[in-house]
Amino acid sequence: MASLQFSSILLCFSVVFLLSPSAYSQTCKSQKFTGKRTFETCADLPYLKAYLHWTLDSSKSSLSIAYTAPPAASTGWVGWGINPNSPTMVGSQALIAFPLSNGSLTVKPYDLKSYQSIVQQQLSYAVSNLSAESSGGSITIFATWALPAKTTKVNQVWQVGSTVVNGTPQRHALQADNLSSKEVLNLVETAAAPAESPTGSSGSGGSQAESPTGSSGSGSGSSPAPTGGNSGAGESTMRTKNEWVCGVLTFAAAFALLF
């Protein structure tokens, strides 16, 4: 019985650890930038080994960002942008950085009118503090975007490419990761929502949190009254109590992860 009890407790704490925020460490949190530039929030983007750091200044309706990604080739390009209408690449207002022949980096604004047409021109957003730097095979774009008042979400797109011809970035690859690099970014939370369903993530998280509650209630309701002379019943009671405690701890960890 002691062995069973120890196994139950060990399993319980393993589940709690996997659900804890520390089990999901973000690479972006260890990234450093020159000039001691820091940002309030960051996210490991799900595609193209890219990362986004940002600070939203609600009083000025400004968004300061640092977008980091490795270009598809050493002479390639990286880009990040906002689509004012939908989480799609076409129609996005983007910043694209790439190396020049002298080795320095440049960042230019582009209106992505279609997959075939990348037009360099001023964006519909006012963008300032524009710069770029490279480190460890990745390029980082820094910029401050002026957003409409009370903006809390934006349709972000990001991309990498392998070729620049005569100062013009060429079409990126059409692999699954390239076509999936777009989503709704919640600027006031640390998680970005999938492009298909901006509210889907929170709903999914809610259902995960409810499951341990059900286990807890089930375990509590099924606890038998201990009988001193029946070792089988005593073992069953101990196992049920362990399951109940494990359910409560798991629910607490899931709740902490969500909030």
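The values are calculated or read from the model by the stated rules, or taken from the named source; none is laboratory data. These numbers come from a predicted model, not from an experiment. All Cβ positions, even for glycine, are placed from backbone atoms using ideal geometry, and neighbour counts span all protein chains on display.
Miscellaneous remarks
- Residue identified as over 18 Å from Val165 (Cα atoms), assigned by TED's automatic domain parsing to the domain that holds Gln175 and either surrounded by fewer than 16 Cβ atoms within 10 Å (Cβ to Cβ) or acidic (Asp, Glu) (or both) among Asn102, Asn85: Asn85
- Residue match in segment 107-128 (condition: within 24 Å of Glu183 (Cβ to Cβ), in contact (Cβ under 8 Å) with a residue 60 or more places away in the chain and not hydroxyl-bearing (Ser, Thr, Tyr)): no
- Of the candidates Ala72, Ala94, the single residue that is assigned by TED's automatic domain parsing to the domain that holds Val184, of a type outside the set (Val, Ile, Thr), in a loop (DSSP other than H, G, I, E, B) and under 16 Å from Ile139 (Cβ atoms) is Ala72.
- Residues within segment 75-91 that are closer than 16 Å to Glu183 by Cβ and part of a strand (DSSP E or B), tallied: 5
- Checklist (1) buried (at least 16 other Cβ atoms within 10 Å of the Cβ); (2) modelled with pLDDT of 95 or more applied to Pro212, failing item: (2)
So that you can scan it fast, the table gives a plain yes or no per residue for (1) surrounded by fewer than 17 Cβ atoms within 10 Å (Cβ to Cβ); (2) under 23 Å from Ser58 (Cβ atoms):
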{"position": "Val78", "(1), (2)": "no, no"}
{"position": "Ser128", "(1), (2)": "yes, yes"}
{"position": "Glu133", "(1), (2)": "no, no"}
{"position": "Phe142", "(1), (2)": "no, yes"}
{"position": "Ala146", "(1), (2)": "yes, yes"}
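- Pick from segment 42-69, criterion of a type in the set (A, V, I, L, M) and assigned to a strand (DSSP E or B), ranking: farthest from Ser180 (Cα to Cα): Leu56
Okay, residues lined up against (1) modelled with pLDDT of 90 or more; (2) not in a strand (DSSP E or B):
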position: Asn155; (1), (2): yes, no
position: His172; (1), (2): yes, yes
position: Asp177; (1), (2): yes, yes
position: Val184; (1), (2): yes, no
position: Thr190; (1), (2): no, yes
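- Residue count for segment 98-147, restricted to those that are part of a loop (DSSP other than H, G, I, E, B) and in contact with a Phe, Trp or Tyr (Cβ under 9 Å, 6 or more places away or on another chain): 5
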